1. For F170, what accessible surface area do you get with a 1.4 Å probe? Give it in Å², rounded to 10.
2. What is the extension gain from A165 to S123, computed as 0.36 nm multiplied by their sequence separation minus the C-alpha to C-alpha distance, in nm to one decimal?
3. May I ask you to compute the full-extension gain from V63 to L136, defined as 0.36 nm times their residue separation minus their alpha-carbon distance, rounded to one decimal in nm?
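The values are calculated or read from the model by the stated rules, or taken from the named source; none is laboratory data. Quick caveat: nothing in here was measured; it's all calculated off a predicted structure. Surface accessibility is based on the protein's heavy atoms, side chains included, excluding ligands, DNA and RNA. Shrake-Rupley method; radii C 1.70, N 1.55, O 1.52, S 1.80 Å.
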Amino acid sequence: VLEWGLRTSIGLQEDVSNATSVLPGFVLTVLYGGYALAAVVTPPAILVWVIVRRRWPLLGVYVLTTLAASLLLHLAEGWISARVPGVDAVPLVVTQVDIDWAIDPAWVASFAAALTVTGPWMSRRWYRTAWIVLALLVPVRLLVGAGVPTGLLVGLASGWAIGSAALLIFGAPSR
């Protein structure tokens, strides 16, 4: 099943890459660079929001879950690469965007954990906006041909699970 999923994601990457090959490189660079900037700025903005609102218990849970998600994903990367043959050897189909950094799956996991934990205290509009920014990371990465986003999907799932577990352990406000 894992090999089938890997082949399917590589095939999807090839199809999307062929469809977007007509776009100029600068368009894809601006798209991915701007989107990556938004994805990198959002978690510290959430942290500042928690501090400005003086939610000190929430700040502790925020820090705890982001560190736990990042650490768990770093530990799981070795396990995943050992279980799924060829994950590390997946070639980039087309490298149309010359950006020397990429969104790290551990960053995505900590972002998802932080967003899950702070969600009950945020307004619905900002909560949905942050989840949309996070969820669009995978299609944007496919669109610009920056590689198969398997790690991002694992990061999203593990971050959400850790954030949900933290809400179960530490509680959430009743609305």
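1. 120 Å²
2. Gain on extension, A165 to S123, equals 13.0 nm.
3. Between V63 and L136, full extension yields 23.9 nm more.
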